[in-house]
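Everything below concerns the one structure shown next.
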Amino acid sequence: MDKITFLQKRRVAFTLAEVLVTLGIIGVVSAMTVPTLMQNHQRKVYVTQLHKVYNEMQQAAINLMNDRNAVNLTEAGINSTATARTLVTSNFNIIQTCTNSLTPCFADAYKFVDGTNYDISAHIATSYSLSSGAAVRMLYSKENNNKIVNILVDINGSQGPNIIGRDAFYMALYNNGTIDTYNGSATSLPLTEEQREGAGSEWGPFGRILNDNWEMNY
C-alpha cells in the first residue's frame, strides 16, 4: 500500500475520542427529548381512552331516548342516581361493582395537575369497574341549565397517576343526551369555548379537551 492511499484511508476513520463525544451529544439530546415525547404519547393514550368512554356513554343516552321514544332523558326515566346508573349497567361490561363506594374501583387519593390534593370522597355513590379498565360513577344532580348527571371517570381505574385532568375527568350529561363539561353560570347549550374554559377546577380539563378537538394541550 503506497503512502497516499494509506493517508486517505486514515482521513475517513473516526478516533475513539470523536466517537465518545458523538455518543455523549446523542445521550444529552435523548435525555432532553425522550421524556417529552413519552409524555406526549401518554397524553394521547389518555385522551383516546377518554374519548372511547365518552362515545359509549353518549350512545347509551341516545339509545335510551330512542328506545323509549322520549324527547329527553327525564322523560326516558332518568330522575335519580339509581336510574342514572342504569346507563352503565345496561350498556357496559362491568367486572366489579363498588356499592356505595368509589374504592376500590377508583383510587383512594387524587391530585390536580398542579399537584394540590383533591378530595375524591365528596359525593360518594356506587361506582363500577369496566372491562376496558375504566372506572365510572354516575351521580344525579339536576341543574337549571338541564345538566342532570355528573359523570366521574378514571380511564385506567385505580392505577396511577390518579390526577384530575390526566387520567380522571368529570363530564356532565345533559337532559337532551349531550355530554359536555359543566359551568354553573351557563344556562343553555351548547356551551361556548369561554364557558368551558371558565369551568371549575374539576370540570375544566374536560372542557379544554373539547375546545382543543380532543387534544390534551395543558
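The values are calculated or read from the model by the stated rules, or taken from the named source; none is laboratory data. The shown structure was predicted, so the numbers you read here are calculated from the model rather than taken from an experiment. Here the Cβ is made from the backbone with ideal geometry for all residues, glycine too, and neighbour counts use every protein chain on show.
General observations
- Among the residues of segment 72-105, those that are over 22 Å from the mean Cα position of the chain (by Cα) and among the small types (Gly, Ala, Ser) comprise Ala76, Gly77, Ser80, Ala82, Ser90.
- The set of residues in segment 136-172 that are in contact with a Leu (Cβ under 7 Å, 6 or more places away or on another chain) and of a type in the set (Ser, Thr, Tyr) contains only Tyr170.
- Residues (aliphatic (A, V, I, L, M), at pLDDT 95 or above and surrounded by fewer than 23 Cβ atoms within 10 Å (Cβ to Cβ)) located in segment 166-197: Ile179
Listed here are the residues, each with its yes/no results for (1) modelled with pLDDT of 95 or more; (2) among the β-branched types (Val, Ile, Thr).
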{"site": "Ile62", "(1), (2)": "yes, yes"}
{"site": "Ile94", "(1), (2)": "yes, yes"}
{"site": "Ser101", "(1), (2)": "yes, no"}
{"site": "Tyr140", "(1), (2)": "yes, no"}
{"site": "Asn144", "(1), (2)": "no, no"}
{"site": "Gly157", "(1), (2)": "yes, no"}
{"site": "Ile164", "(1), (2)": "yes, yes"}
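- Residues that are more than 19 Å from the chain's Cα centre (by Cα), assigned to a helix (DSSP H, G or I) and not β-branched (Val, Ile, Thr), drawn from segment 57-71: Ala61, Asn63, Leu64, Met65, Asn66, Asp67
- Residues satisfying the stated conditions in segment 56-114, i.e. of a type in the set (S, T, N, Q) and free of Cβ contacts under 8 Å to residues at least 24 places away in the same chain: Asn66, Asn69, Thr86
- Note on segment 160-211: among residues that are part of a strand (DSSP E or B) and over 15 Å from the mean Cα position of the chain (by Cα), the one that is nearest to Phe106 (Cα to Cα) is Leu173.
- Enumeration of residues in segment 120-153 that are surrounded by 21 or more Cβ atoms within 10 Å (Cβ to Cβ) and basic (Lys, Arg): Arg137, Lys147
- Residues that are under 23 Å from Gln39 (Cβ atoms) and either free of Cβ contacts under 8 Å to residues at least 12 places away in the same chain or outside any loop (DSSP other than H, G, I, E, B) (or both) within segment 136-158 comprise Val153, Asp154, listed in sequence order.
- Selection from segment 131-166 of residues that are touching a helix residue (DSSP H, G or I) at 6+ places or on another chain (Cβ under 6 Å) and hydroxyl-bearing (Ser, Thr, Tyr): Tyr140
- Listing of strands (runs of 3 or more DSSP E) fully contained in segment 82-130 that carry 3 or more residues being polar (S, T, N, Q) and in contact with a helix residue (DSSP H, G or I) (Cβ under 8 Å, 6 or more places away or on another chain): none
- Among the residues listed as Thr36, Thr5, Thr22, the single one being of a type in the set (Ser, Thr, Tyr), within 24 Å of Phe169 (Cβ to Cβ) and either at pLDDT below 95 or part of a helix (DSSP H, G or I) (or both): Thr36
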